[in-house]
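Asker: Questions regarding the structure given below will be posed in turn.
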Amino acid sequence: MKNIISKKDVEYVAKLSRLKLREDEIPKFTHQLNTILEYIKKLNEVDTSKTEPTLQVVPLVNVRRKDVQVLSSTVEDVLKNAPDKERGYFKVPPIIE
Amino acid sequence: MELYKLTAHELNNLLVEKKASSFEITTSIYERIEKLNKKINSYITLTKELALQKAEKVDKKISKGEKISSISGIPIAIKDVISTRDIRTTCGSKILSNYIPIYDATVIEKFKKEDVIILGKTNMDEFAMGSSTENSAYGVCRNPWNTSTIPGGSSGGSAACVAADFAIMSLGSDTGGSIRQPASMCGVVGLKPTYGRVSRYGLVAFASSLDQIGTFTKDIEDCAILLNMIAGHDPMDSTSVVKEVPNYTQYLKNDAQKVKVGIPKEYFVKGTDKEVEKAILNSIETFKKLGAEIVEVSLPHTEYAVAAYYIIAPAEASSNLARYDGVHYGFRTENRGHLPASQQAGKTEDRKISSIVDMYEKTRDEGFGEEVKRRIMLGTYALSSGYYEAYYLKALKVRTLIKNDFDKAFKKCDVIVTPVSPTPAFKIGEKISDPLQMYLSDIFTIPVNLAGLPAISIPCGFSKGGLPIGLQIIGKPFDEGQILRTAYTFEQNTEYHNKKPKI
């Protein structure tokens, strides 16, 4: 059986997903994702040439609130769970290499 | 008196008549949890101190003669995917192991207004991805009926704690069957309301077009009572629907006369366990005897539901889970303290952080479990350039056909009755290394989420091995009332819900 997704594809998808996989994870995920995608091929049996997609099932359109100021969380609250912070800001590693 | 054994409506009577206090009820539950939960592992976090304080407050109100609601003073457990202010909310994941929400989910706010006693946060598959509660960073949860089997998932902890009398009721969430399947496997009542019926504000998102908060209870009456408390529009969730909420207890009528029960032939297929099939066929006979009219219906696209779901749900998840980046909250890779030594793979020098992207990638690799990574990658792949139409758009079109099937079927009947799961609870470890087999165990529950319908699982039998079997009753959109009436009639005329596991 020809693989739908190669090890190289998995490495690429992992990169897009911002996941640094360990060496031993790549062959396992490649195998499992192939098994799943092989099953998903089943969808091609269905004729959808005249079918519209369904993104969500509730008939709602453009729900908006009034454009008025309301209280939101305090800076203190928002930073409460930050792994690293300084002087009221989130702190992260260097962005420019 | 063993207060923990009772239902919310029974306990409410005792509270109102001052025959028991909320403090006594809550204490009796915690005593049982402390004695027996180590065998089950249904909780990630317990909040005993807060709970007992709250119970005393309710008791004071009652002694002052104040009126209480039907769930005031009742101890309830919350799935650890629902945000609780100042109470750690992990989603079963290492990446949120130190996360303490700064706000309450709308359902929690409603509970607090009604003086509900929150017992703690229940165990679950990481980010609600799984069907067995084996994908938890906080240990496998076990089925109270047989501790070598899974409790179902992803709301396994919420189902197991109600079955084991470690909570009177609980909340869960259902994206592809995560309430109904564990309810079926643990022999309790589990309701997934219509998409839009209950606010999802504060429910940590997995697949936003499918997720719905719902209930676990010991009987149908409690199910109606709890639904009354959580249903309704919420300005904080723009997908919640502006629609009047009926008093669901009015549907508790022991009367199935003339109810048209649809039986979809596509749900009686090879691969379903013989004992499950027998229990479902017996239940259909029961409905017939109770005066219901049995109609055959067809849901021809059923066999494509799992495939469509495993594109749509991971696609939405890959986007929703992008927020876990080690910046705003939760675990960050250099914070090694949360991980046991065995999880700190790689040499320290390899794990030094060189840039923010490096930090993202290492944080996510260390913080997420395998199933979550698998689904993020599957979703990212399906949405990536060149594959979007072949996978994602195709799945959305198949979703339309599945929804149309239900619309058509419901022209002929009031409710649709099916199995919940093709088998009773399977053994721990049995399917964990074969994701596709695990996914296929949700074949009967997934179509309901794709169509946004309400559905319930109620106890309808036992396997020879003594494991519970559940019956699924699916309703029309926003017709939880008809589901409750049908389920109540079945319950009042059968004995399955009265059996309890021996732990």
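The values are calculated or read from the model by the stated rules, or taken from the named source; none is laboratory data. Because the structure is predicted, anything quoted here is derived from the model rather than measured. For neighbour counting, all protein chains shown are included, and Cβ atoms are generated from backbone atoms with ideal geometry for every residue, glycine included. What goes into the accessible areas is simple: the full protein's heavy atoms, side chains included, and nothing from ligands, DNA or RNA. Shrake-Rupley method; radii C 1.70, N 1.55, O 1.52, S 1.80 Å.
Asker: Go through segment A:47-71 residue by residue and tally those that are within 26 Å of B:Thr239 (Cβ to Cβ), open to solvent by 100 Å² or more (accessible area, probe 1.4 Å) and more than 7 Å from chain B (Cβ to nearest Cβ). Don't jump to the end; show me each part of the working.
Answerer: Going residue by residue through segment A:47-71, those that are within 26 Å of B:Thr239 (Cβ to Cβ) are A:48, A:51-71.
Now drop any that are not open to solvent by 100 Å² or more (accessible area, probe 1.4 Å), which leaves A:52, A:55, A:59, A:61-62, A:64-67, A:69-71.
Subset that is more than 7 Å from chain B (Cβ to nearest Cβ): A:59, A:61-62, A:64, A:66-67, A:69-71.
Residues in segment A:47-71 being within 26 Å of B:Thr239 (Cβ to Cβ), open to solvent by 100 Å² or more (accessible area, probe 1.4 Å) and more than 7 Å from chain B (Cβ to nearest Cβ): 9 in total.
Asker: Could you grab me the full set of residues in segment A:16-30 that are part of a helix (DSSP H, G or I) and either within 7 Å of chain B (Cβ to nearest Cβ) or more than 17 Å from B:Gly369 (Cα to Cα) (or both)? It would help to see each step written out before you state the result.
Answerer: So in segment A:16-30, the residues part of a helix (DSSP H, G or I) come out as A:16, A:25-30.
Listed by number, the residues that qualify are A:Leu16, A:Phe29.
Asker: Quick one: what pairs do we get from segment B:186-199, first residue more than 28 Å from B:Met236 (Cβ to Cβ) and away from chain A (no Cβ under 14 Å), second open to solvent by 10 Å² or more (accessible area, probe 1.4 Å) and in a strand (DSSP E or B), C-beta under 7 Å, 6+ apart or different chains?
Answerer: Cβ pairs passing all conditions: B:Gly187/B:Pro459.
Asker: Regarding B:Lys94, is this residue within 14 Å of another protein chain (Cβ to nearest Cβ), of a type in the set (Lys, Arg) and within 23 Å of B:Pro182 (Cα to Cα)?
Answerer: Values: within 14 Å of another protein chain (Cβ to nearest Cβ): yes; of a type in the set (Lys, Arg): yes; within 23 Å of B:Pro182 (Cα to Cα): yes.
It is true that B:Lys94 is within 14 Å of another protein chain (Cβ to nearest Cβ), of a type in the set (Lys, Arg) and within 23 Å of B:Pro182 (Cα to Cα).
Asker: Can you name the residue in segment A:31-46 that is open to solvent by 80 Å² or more (accessible area, probe 1.4 Å) and facing chain B (nearest Cβ under 9 Å) and is also nearest to B:Asp365 (Cα to Cα) among such residues? Give the derivation first.
Answerer: Start the filter on segment A:31-46 by keeping residues that are open to solvent by 80 Å² or more (accessible area, probe 1.4 Å), which leaves A:31, A:41, A:44-45.
From what is left, the residues that are facing chain B (nearest Cβ under 9 Å) are A:41, A:44-45.
Details: A:Lys41: 28, A:Asn44: 33, A:Glu45: 36 Å.
Taking the candidates together, the pick is A:Lys41.
Asker: Same structure again: Hey, which of the strands (runs of 3 or more DSSP E) in segment B:193-299, taking only ones fully inside, have at least 1 residues that are of a type outside the set (Gly, Ala, Ser), open to solvent by 40 Å² or more (accessible area, probe 1.4 Å) and out of contact with any helix residue (DSSP H, G or I) (no Cβ under 7 Å at 6 or more places or on another chain)? Please lay out each step first, then the result.
Answerer: Values: elements: B:213-217, B:260-264, B:293-297.
Passing ranges, in order: B:260-264, B:293-297.
Asker: Does segment B:53-72 contain any residue that is under 25 Å from B:Asn146 (Cα atoms) and touching a residue at least 24 places away in the same chain (Cβ under 8 Å)?
Answerer: If we filter segment B:53-72 for residues that are under 25 Å from B:Asn146 (Cα atoms), which is where we start, we get none.
No; the residues of segment B:53-72 include none that is under 25 Å from B:Asn146 (Cα atoms) and touching a residue at least 24 places away in the same chain (Cβ under 8 Å).
Asker: Would you point out which residue out of B:Glu109, B:Glu134 is modelled with pLDDT of 95 or more, open to solvent by 10 Å² or more (accessible area, probe 1.4 Å) and in a helix (DSSP H, G or I)?
Answerer: Working: B:Glu134 fails: in a helix (DSSP H, G or I).
Just one listed residue meets the conditions, B:Glu109.
Asker: Let me confirm something: among A:Asn81, A:Asn34, which residue is at pLDDT 95 or above and within 22 Å of B:Ile95 (Cα to Cα)? Spell out how you get there, then give the answer.
Answerer: Values: A:Asn34 fails: within 22 Å of B:Ile95 (Cα to Cα).
Step by step, each of A:Asn81, A:Asn34 is checked, and only A:Asn81 is at pLDDT 95 or above and within 22 Å of B:Ile95 (Cα to Cα).
Asker: Still on this model: Residues in segment B:309-332: is at least one open to solvent by less than 70 Å² (accessible area, probe 1.4 Å) and in contact with a strand residue (DSSP E or B) (Cβ under 6 Å, 6 or more places away or on another chain)? Break it down into steps so the answer makes sense when it comes.
Answerer: Within segment B:309-332, the first condition is being open to solvent by less than 70 Å² (accessible area, probe 1.4 Å), and the residues that meet it are B:309-318, B:320-322, B:324-327, B:329-332.
This time we only want the ones that are in contact with a strand residue (DSSP E or B) (Cβ under 6 Å, 6 or more places away or on another chain), so: B:327.
Yes; the residues of segment B:309-332 include at least one that is open to solvent by less than 70 Å² (accessible area, probe 1.4 Å) and in contact with a strand residue (DSSP E or B) (Cβ under 6 Å, 6 or more places away or on another chain).
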